[in-house]
């Protein structure tokens, strides 16, 4: 990647946990109902079909569970978890804000994560695991 890309180091969700392997965690600002906003750290997960938001985070951003439309269920061990659709404005690095769609889970079991729908539609990502860094660039 060249011009317009920003680099981020691989990191641990909990820096004190030296057993956990560093991963591509992206710092971002999520904006819900004005003036609610949250600084968050989310793994960039190319294997996830959608962006996922845990329940408590959606509440902190001002969402009302029953006011959101139901979306497809999560996969794997979380397949039974009901998910609602929410959209938030997100600021990644120094890039202009973008609108990201999330599957807002009914529980806090899933972590906040950035997946194919729609983080990887809005951003190009290149992982350099051997160098423990990754680059992010807004779509052209």
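The values are calculated or read from the model by the stated rules, or taken from the named source; none is laboratory data. This structure is a prediction, so every number in the text was calculated from the model and none was measured. Every residue, glycine as well, gets a Cβ built from its backbone with ideal geometry; the counts of neighbours run over all protein chains shown.
Counting residues in the range 76-86 that are under 19 Å from residue 127 (Cα atoms), touching a residue at least 24 places away in the same chain (Cβ under 8 Å) and more than 14 Å from the chain's Cα centre (by Cα) gives zero. Take the residues in the range 14-29 that are touching a strand residue (DSSP E or B) at 6+ places or on another chain (Cβ under 6 Å) and outside any strand (DSSP E or B), then tell me which one is surrounded by the most Cβ atoms within 10 Å (Cβ to Cβ). The extreme case among them is 24. For residue 87, are the conditions met, namely being surrounded by fewer than 12 Cβ atoms within 10 Å (Cβ to Cβ) and either farther than 23 Å from residue 33 by Cβ or touching a strand residue (DSSP E or B) at 6+ places or on another chain (Cβ under 9 Å) (or both)? Taking the combined requirement at face value, the residue does not satisfy it.
Here is a yes/no grid of residues against (1) under 25 Å from residue 138 (Cβ atoms); (2) surrounded by 15 or more Cβ atoms within 10 Å (Cβ to Cβ):
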residue	(1), (2)
31	yes, yes
40	yes, yes
47	yes, no
66	no, no
73	no, no
109	no, no
114	yes, yes
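Restricting attention to the range 107-121, which residues are over 12 Å from the mean Cα position of the chain (by Cα) and under 19 Å from residue 47 (Cβ atoms)? Residues satisfying the conditions are 109, 121. Within the range 46-72, residues that are farther than 13 Å from residue 106 by Cα reach partners that are exposed (fewer than 13 other Cβ atoms within 10 Å of the Cβ) and modelled with pLDDT under 95 with beta carbons closer than 8 Å, at six or more positions or on different chains, in the pairs 49/75; 50/72; 61/33; 62/33.
Close contacts from the range 123-137, counting a first residue that is farther than 15 Å from residue 92 by Cβ and a second that is part of a strand (DSSP E or B), with Cβ to Cβ under 8 Å and a gap of 6+ residues or different chains, come to 127/44; 127/134; 128/134; 128/135; 132/9; 133/7; 133/8; 133/9. Scanning the range 81-105 for residues that are modelled with pLDDT under 95 and either farther than 18 Å from residue 65 by Cα or in contact with a helix residue (DSSP H, G or I) (Cβ under 8 Å, 6 or more places away or on another chain) (or both) yields 93, 94. In summary, residue 9 fulfils each of the numbered conditions (1) touching a strand residue (DSSP E or B) at 6+ places or on another chain (Cβ under 8 Å); (2) at pLDDT below 95; (3) surrounded by fewer than 13 Cβ atoms within 10 Å (Cβ to Cβ); (4) within 20 Å of residue 128 (Cβ to Cβ) with the single exception of condition (2).
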